[in-house]
1. Test each condition in (1) part of a helix (DSSP H, G or I); (2) buried (at least 18 other Cβ atoms within 10 Å of the Cβ) for residue 172 and report the one that comes out false.
2. Across region 59-77, what is the total count of residues that are touching a residue at least 24 places away in the same chain (Cβ under 8 Å) and either part of a loop (DSSP other than H, G, I, E, B) or out of contact with any helix residue (DSSP H, G or I) (no Cβ under 6 Å at 6 or more places or on another chain) (or both)?
3. Scanning region 181-202 for residues that are surrounded by 12 or more Cβ atoms within 10 Å (Cβ to Cβ) and in contact (Cβ under 8 Å) with a residue 40 or more places away in the chain, which turns out farthest from residue 231 (Cα to Cα)?
4. Taking the criterion of being more than 20 Å from the chain's Cα centre (by Cα) and under 13 Å from residue 234 (Cβ atoms), would at least one residue in region 209-220 satisfy it?
5. Give the residues of region 86-122 that are assigned to a loop (DSSP other than H, G, I, E, B), among the β-branched types (Val, Ile, Thr) and farther than 15 Å from residue 64 by Cβ, sorted by residue number.
6. For region 138-158, give me the residue count where each residue is closer than 21 Å to residue 98 by Cα and surrounded by 19 or more Cβ atoms within 10 Å (Cβ to Cβ).
7. Specify which of the listed residues (200, 249) is over 13 Å from residue 18 (Cα atoms), in a loop (DSSP other than H, G, I, E, B), modelled with pLDDT under 80 and of a type in the set (Gly, Ala, Ser).
8. Among the residues of region 203-237, write down those that are hydrophobic (A, V, I, L, M, F, W, C), without any contact (Cβ under 8 Å) to a residue 40 or more places away in the chain and either crowded, with 19+ Cβ neighbours inside 10 Å or assigned to a helix (DSSP H, G or I) (or both).
Amino acid sequence: MKQVVSVVNLKGGVGKTTTAVNLAACWAEQGKKVLLVDLDPQGSASICVGRMSTGRRLLDAMQKIIALPVVPTDVTGLDLVPSGPELVTARQIFIDGPGDEIFSSCLRQTAGEWDCVIIDCPPILDVLTMSSLLASQHVIVPVEASFLGLNGVRQMVSAVESAKSRNPELEIRAIIPCRAQPRRRIHWEIMDRLDEMFPGKVSPIIHENVSLAEAPGRGKPVILTARISRGSDDYRLVSLWLAEHVGLGEKETPELSPEDVSPSLEEVNSL
């Protein structure tokens, strides 16, 4: 059975979409088949892989309870369910009754040989976010290394506990510290607090990095726009660490060419 992962944080600006897109791309690079679902009406994940959408086809699929609209991306092995501003109507249409279970039905009808489905959720606990949680086994929470970011994690824990009453399989599998700046003392204070709250579930950090900020404007994940960069290296490392936590296991990794691998310190010093 394919693994379904919700990437969610109720606080915006923490690297949620960046994490969803780049984890999906890294797993695809490693030979996995991945479906990225953009469930946020802002459509940011769609934009980050170069696929603009109004969200109408996704909204229609949910209204008719049929298979989700899937499109290919420029990343081999990565497909997308695109979203856009018209999806915001779902918040009114599905507010009553079992509307938050409709997405699960649509996902079950969507044919594809994917190893993993990654869902980029809205930064709000609405019917779309709850729909994603009810369809998932795993939750990944990107968090900014700040005290406000820590408060957002606490809110997320409460939301997951609420969803577990209807989806007992659901678990927070990983906390991913994003936009990290280890030179700041507060960074280590927050990291210590996260380790206390989620022992064994705090991933390697994602550094604040210009390559991650530039990639969305080019409509591609960072591993395509800046293959040799701190941003690419960070997400590759986190994707390998995380694969074991969500049950993806080992997959044959394509052989990388020398230019795909960041140079060692010795190589840099020799330049």
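The values are calculated or read from the model by the stated rules, or taken from the named source; none is laboratory data. Everything numeric here is computed off the predicted structure, so don't read it as measured data. Please note: Cβ atoms are built from the backbone with ideal geometry, for glycine as well, and neighbour counts cover all protein chains shown.
1. Here residue 172 meets the rest and fails (1).
2. Count: 11.
3. 197
4. So far as region 209-220 goes, no, none of its residues is more than 20 Å from the chain's Cα centre (by Cα) and under 13 Å from residue 234 (Cβ atoms).
5. Selection gives 95 alone.
6. Counting residues in region 138-158 that are closer than 21 Å to residue 98 by Cα and surrounded by 19 or more Cβ atoms within 10 Å (Cβ to Cβ) gives 0.
7. Only one candidate qualifies: 249.
8. If the condition is that a residue be hydrophobic (A, V, I, L, M, F, W, C), without any contact (Cβ under 8 Å) to a residue 40 or more places away in the chain and either crowded, with 19+ Cβ neighbours inside 10 Å or assigned to a helix (DSSP H, G or I) (or both), then 210, 213, 226, 237 are the ones that fit.
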